[in-house]
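What follows is one structure encoded as structure tokens, with my remarks underneath.
The values are calculated or read from the model by the stated rules, or taken from the named source; none is laboratory data. None of these values were measured; they are calculated from a predicted model. So basically every Cβ, Gly included, is an ideal-geometry build from the backbone, and we count neighbours across all protein chains shown.
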Amino acid sequence: MCRNIRTLHNLTPSTTDEEVRAAALQYVRKVSGMTKPSRANQEVFDRAVEQVAHVTAHLLADLVTQAAPRDREVEAARRRARAAARYGTTGTEPAAV
């Protein structure tokens, strides 16, 4: 699950609220061991996701760097190249149905 969490700091264009929430959701899923909580745990799970997203947004806003922002397309190409080397794929094959 955590492989889907991407670096969110110092990107161009800037990180969106949806990306922050998606990363928070992945984190809470990993820590709790649940991808879909039961009804009894849904409220606690949702609250944890919102709190992690809130803290993450503050973290990203407060971080400083002198480095130039990284381009999302270049980073995506690097991830595809690493996946191709690791799994022997080009990353352009259609998804299995």
- Of all residues in the stretch 51-88 being among the polar types (S, T, N, Q) and exposed (fewer than 10 other Cβ atoms within 10 Å of the Cβ), which is farthest from the chain's Cα centre (by Cα)? Q66
- When residues of the stretch 1-53 are filtered for being modelled with pLDDT of 95 or more, of a type in the set (S, T, Y) and part of a loop (DSSP other than H, G, I, E, B), how many remain? 1
- Note on the structure: Quick count over the stretch 8-35, residues being free of Cβ contacts under 8 Å to residues at least 40 places away in the same chain and of a type outside the set (K, R), is 16
- Message: Residue pairs, Cβ under 6 Å, 6 or more apart or interchain, first in the stretch 36-61 and over 22 Å from R6 (Cβ atoms) and polar (S, T, N, Q), second at pLDDT 95 or above and surrounded by 10 or more Cβ atoms within 10 Å (Cβ to Cβ). List them.
- Response: none
